[in-house]
Structures are given as structure tokens and as C-alpha cells.
Amino acid sequence: MANVQRKQSKSLLTKASGFLDGYSHTLNPYTGCAFSCSYCYVRQMPVALFRNEPWGSWVDVKENAPALLAKELARAKSKGPVTIFFSSATDPYQPIEYKERLTRALLEVMSEQQPDFLFVQTRSPLVKRDADLLQLLGDRVRVSMTVETDREDIRRAFTPSAPPIAARLEALRELAARGVPVQATIAPVLPCSDGFAEQLAGIVDRVCIDDYFMGDGSGGGRTGRNGVRAIYDALELTDWYSRDAYRRVHEQLQRQFPQERVFVSQAGFLP
């Protein structure tokens with residue numbers, strides 16, 4: 001269980017930049033993430049590096065987030081279009097959300113003061129709990145579910161604390177059935193089977209693929225410092241750790257999806 005601290009935030013909506021500069025703001029309900037994925041680029045950011053606890057072992061709860069969001073959202077909407085990436089440095093549906101329901105409280109605020117667009121990025125099937133609120137946002141929302149592979153053995157090797165793949169796919173299926181816009185996000189692409197794209201095509205109508213070299217914000221440098229290469233070496237799958245490895249999955253996707261529904265890297269995350 002992660003070490004939990006409760007904090008009062010001074011601000012919540014952060015001006016988006018870099019990879020996410022297509023958005024006006026990013027929004028993170030928590031600091032830290034108990035999923036502790038081996039390749040997570042946040043491990044190499046100041047929020048993780050300057051903390052004297054291992055990444056994944058602690059989570060800060062932004063206790064005043066809903067009230068703060070209501071104020072900041074009203075102010076931001078008065079100045080122009082508001083597009084929000086939720087979340088950029090944590091998973092809004094990590095395990096503590098079952099108890100805290102902070103992400104749900106923020107969605108309640110946003111269902112009443114609707115942003116122009118909300119992108120929900122997660123790897124947790126818990127997101128389906130909030131389908132009722134997501135439905136209220138109509139086409140102003142997209143839920144992007146990380147599904148890096150269809151192989152559970154690979155998932156356990158790289159992200160042992162993250163939810164099983166089957167549960168994520170079932171959540172996507174349920175959200176899609178309820179009319180919530182969804183996409184499967186293969187980011188970063190991990191070793192997978194030849195039938196991965198076909199499996200996804202039976203569930204979603206839109207996919208995004210990304211890898212460390214395009215998507216970690218440093219051309220793969222942050223990921224390299226995380227030592228992820230050692231996992232590939234141990235699994236004898238080093239050929240998957242390369243700049244062109246994503247292409248073999250991209251080709252699969254292009255055979256199963258219309259070309260305009262297959263997005264690569266940044267394009268798949270934009271509003």
C-alpha cells in the first residue's frame with residue numbers, strides 16, 4: 001500500500017506545454033502513482049527525483065481539488081476555449097481512487113461546467129464506474145485506455161502493479177456500449193502477439209500507437225535512464241526495444257482499422 005499524504009493545492013489547472021501543447025490545460029488529481037510502471041517518464045521528472053521515497057510507494061491526495069477546479073474552470077472558460085488532458089503525470093484511476101473518489105468529484109464539476117474537450121488517460125478499468133458522468137459530456141470527452149500489449153506475461157514483467165489487460169479491454173467494451181467515445185492507446189508499444197490489432201478491432205474504432213522514442217519527451221532518453229532495456233534483455237526480446245519496433249504493430253493496426261482511425265504518437269492524444 002502506498003504512503004498517502006493529504007495536501008491542499010494552490011492551483012490545479014496547469015497550462016499545457018510540449019507534447020500536450022494542443023491542450024489549454026493539464027489536470028492531475030493526485031501526485032505520485034501506485035501503478036509504478038517501469039517505463040514511466042514521470043520517474044525522471046523533478047516530482048519523482050526530488051522525493052526521498054521510491055516512485056510508486058507514495059501518493060499525495062489533492063484534498064481541495066474539486067472546489068479549486070470549480071473556481072479555476074470558471075475563470076479559464078471566461079478567457080477562451082478550455083481543453084483538458086486528464087492526467088499527464090499520474091493515473092486518475094489508480095487504486096486510491098476507489099476510496100477517495102477524487103477523480104469522480106472532479107468529473108462532477110466538469111459535467112456541470114463543461115470544458116470544450118476532456119481527454120481522460122488511464123490504464124484502469126475503474127473508469128467504467130464513472131460512465132454516467134462521462135455520458136453527460138457527450139462528444140466533449142474521450143477515454144483513452146492504455147493497452148500496451150495483449151500478452152499478460154509481458155504486462156506482468158513491465159507493469160506488475162497495473163490492472164490486467166483483460167479487465168481494461170472489458171472496460172473499453174462497456175464504455176463504448178454506453179456511447180462514451182473511447183480509444184485504445186498502445187503506448188508504449190510492448191511485445192505482443194500477431195493477433196493484437198484484430199482483438200482491438202472487435203472492441204474500439206480508434207487506436208493510437210506510441211513508443212519511448214516518440215513519446216517520452218526526450219527521444220527515449222528518460223526511458224533509457226529508467227533502465228527498462230534490462231527487462232527486454234532478460235526476456236530475450238531486445239529487438240522490441242528499437243525505434244522501428246512499433247512499425248510491426250502499426251502495420252497490424254492498418255490492416256484492421258481504417259487508416260484515418262489509426263493515430264501515431266502526439267496526433268492520437270490531441271483534442
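The values are calculated or read from the model by the stated rules, or taken from the named source; none is laboratory data. It should be emphasised that the depicted structure is a prediction, and the values quoted were computed from it without experimental measurement. Virtual Cβ from ideal backbone geometry, glycine too; neighbours counted across all protein chains shown. Ligands, DNA and RNA are excluded from the accessible area calculation, which covers all protein heavy atoms including side chains. Shrake-Rupley method; radii C 1.70, N 1.55, O 1.52, S 1.80 Å.
Which number do you get for Rg(Cα) / (2.2 N^0.38 Å) in the chain?
Values: Rg = 17.8 Å, N = 271, 2.2 N^0.38 = 18.5 Å.
That works out to 0.96 for the chain.
Which number do you get for Rg(Cα) / (2.2 N^0.38 Å) in region 28-171?
On the way: Rg = 15.6 Å, N = 144, 2.2 N^0.38 = 14.5 Å.
After normalising by residue count via 2.2 N^0.38 Å, the value is 1.07.
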Discussion item. Cross-link candidates for K99: which aspartates and glutamates have Cα within less than 19 Å, leaving aside residues fewer than 8 places away along the same chain?
Written reply: D60, E63, D91, E108, D130, D132
Discussion item. Can you give me the angle between helix 102-112 and the longest principal axis of the chain, using Cα atoms only, in degrees from 0 to 90, rounded to the nearest 10?
Written reply: 60
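Can you give me the accessible area per residue for region 11-162, using a 1.4 Å probe, in Å²? Each step should come with its number before you reach the end.
Values: 5840 Å² over 152 residues.
Value for region 11-162: 38 Å² per residue.
Taking only C-alpha pairs under 8 Å that are 6+ residues apart, what is the relative contact order of region 119-206 in percent?
36
Please give the charge dipole size of the chain, origin at the Cα centre, charges +1 on K and R Cβ atoms and -1 on D and E Cβ atoms. Round to the nearest 20 debye.
On the way: 34 positive and 32 negative charges, 179 e Å.
Dipole about the Cα centre, nearest 20: 860 debye.
Return the percentage of antiparallel bridges among DSSP beta bridges fully within region 1-100, rounded to the nearest 5 %.
Details: 4 of 11 bridges.
So the antiparallel bridges amount to about 35 percent of the total.
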Worksheet item: Pick from S193, S38, S88: which is most flexible by mean-square fluctuation in a GNM of the chain where alpha carbon atoms under 10 Å apart are linked?
Response: S193
Worksheet entry | Shape box of region 104-146 [Cα atoms, principal axes, largest first, Å] | 26, 17, 14
Item to complete: Subtracting the Cα-Cα distance from 0.36 nm times the residue separation, let me have the gained length for K7 to E260 in nm, one decimal.
Response: 86.8 nm
Practice prompt. Round to a whole angstrom and tell me the spacing of the C-alpha centers of region 77-138 and region 1-58.
Written response: 16
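Please report, to one decimal in angstroms, the Kirkwood hydrodynamic radius of region 84-161 built from all distinct Cα-Cα pairs.
13.4
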Item to complete: Write down the percent of antiparallel bridges among all DSSP beta bridges whose residues are both part of the chain, to the nearest 5.
Response: 15
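What is the magnitude of the charge dipole of region 64-142 about its Cα centre, with +1 placed on the Cβ of each Lys and Arg, -1 on the Cβ of each Asp and Glu, and no other charges, expressed in debye to the nearest 20? Each step should come with its number before you reach the end.
Numbers: 12 positive and 10 negative charges, 20 e Å.
The dipole of region 64-142 has a size of about 100 debye.
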Discussion item. I want to check the label-to-label distance for A167 and A74. Put each point 7 Å from Cα in the C-beta direction and report it in nm to one decimal.
Written reply: 3.8
Worksheet item: With labels modelled as points extended 7 Å from the Cα through the Cβ direction, what inter-label distance (nm, one decimal) is found for R156 paired with S17?
Response: 4.2
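Once you keep just the Cα pairs under 8 angstrom separated by 6 or more residues, what percentage relative contact order results for region 53-175? List each step's numbers first, then the result.
Working: 129 pairs, mean separation 29.3, N = 123.
With pairs under 8 Å counted, the relative contact order is 24 percent.
With Kirkwood's inverse mean 1/r over C-alpha pairs for Rh, give me the Rg to Rh ratio of region 23-70, two decimals please. Show your work: numbers first, answer last.
Values: Rg = 12.2 Å, Rh = 12.1 Å.
Using only Cα positions, Rg/Rh for region 23-70 is 1.01.
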Worksheet item: Okay, helix-only estimate at 222 nm for the chain: each DSSP H run of n ≥ 4 adds -39500 (n - 2.57), divide by all residues, round to 500 deg cm²/dmol; what do you get?
Response: -9000 deg cm²/dmol
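Can you tell me what the convex hull of the Cα atoms of region 154-241 projects to on average, as an area in nm²? Walk me through the numbers before you get to the answer.
Numbers: hull surface 25.5 nm².
Taking the Cα atoms of region 154-241, their convex hull projects to 6.4 nm² on average.
Sequence gap at least 6, Cα distance under 8 Å: using those rules, report the relative contact order of the chain to the nearest whole percent.
Numbers: 495 pairs, mean separation 48.6, N = 271.
With pairs under 8 Å counted, the relative contact order is 18 percent.
Work out the FRET efficiency for E251 and R178 from their Cβ-Cβ distance, taking R0 = 30 Å, and round it to the nearest 0.05.
Values: r = 32 Å, r/R0 = 1.05.
E between E251 and R178, to the nearest 0.05, is 0.45.
How much length, in nm to one decimal, is gained on full extension between T238 and D194, taken as 0.36 nm per residue of separation minus their Cα-Cα distance? Could the numbers behind the result be given before it?
Numbers: separation 44, 0.36 × 44 = 15.84 nm, distance 1.76 nm.
Extending this stretch completely gives an extra 14.1 nm.
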Worksheet item: Translational D (Stokes-Einstein, µm²/s) of region 1-51 at 10 °C and 1.306 mPa s when Rh comes from the Kirkwood sum over C-alpha pairs?
Response: 123
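If you take every DSSP beta bridge whose two residues both sit in region 79-151, what share of them, in percent to the nearest 5, is antiparallel?
Numbers: 0 of 9 bridges.
About 0 percent, rounded to the nearest 5.
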